[in-house]
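Here's the structure, in structure tokens; my notes come after.
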Amino acid sequence: MRLLQRRSGAAPVGQAPPDRRASCGEHARSDRNVPAASSCGKTCPMTLRGRVVRVLAILQAVDFVGSQVMPQFGDAHLDHLGVPQWLRPLLPATKAAAVVALVATRERPKARSAVGAALVAYYASAVTFHLLSGDGPDKAAPAAAFGALAAVIV
């Protein structure tokens, strides 16, 4: 009987039912009598993804501002990379939209995954532009790192 109660989620007679709002396996820890000082909060995938989303949003915002105000990322740089003229006006809008989307989907895992997938594609194309233009891996590395961060939230 006790086994059935645990599996069904029902509390034993005389005990309060488990809190379904507990996050990151907290309620599972209490069922197993594991000390509360567990490292779950540090290693939980949802917590890690949340941190990555924040870091990626900040990096995207810095990248957006930097690409707008730093002359080394102007038309000469885009010419060197071979970015088509029709695509250039879309780049700042895409970066700004990515920041907004990362913040707006912070609590929506499916939408956040879609944003992450779009960012992986964006950064994969950035890496491709760098490599096709003859830039070394050091020039493509920032875009590859951003893409790897975006892959974490997919």
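Only the coordinates and a few stated rules stand behind these numbers; no lab work does. Note that the coordinates shown come from a computational prediction; the quantities given were computed from them, not determined experimentally. Because the Cβ atoms are built from the backbone with ideal geometry, glycine has one as well, and the counts that use them run over all protein chains shown.
Listing for the model above:
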item: Computed magnitude of the charge dipole of the stretch 82-137 (debye, nearest 20; Cβ of K, R +1, Cβ of D, E -1); result: 260 debye
item: Protection proxy ranking, peptides 67-80, 112-125, average beta carbon neighbours within 10 Å, highest first; result: 112-125, 67-80
item: Cut-off 17 Å (backbone N to label point 7 Å along Cα→Cβ of S113), residues of the stretch 127-154; result: 150-154
item: Descending semi-axes in whole angstrom, ellipsoid equivalent of the stretch 44-152, from the Cα gyration tensor; result: 25, 15, 12
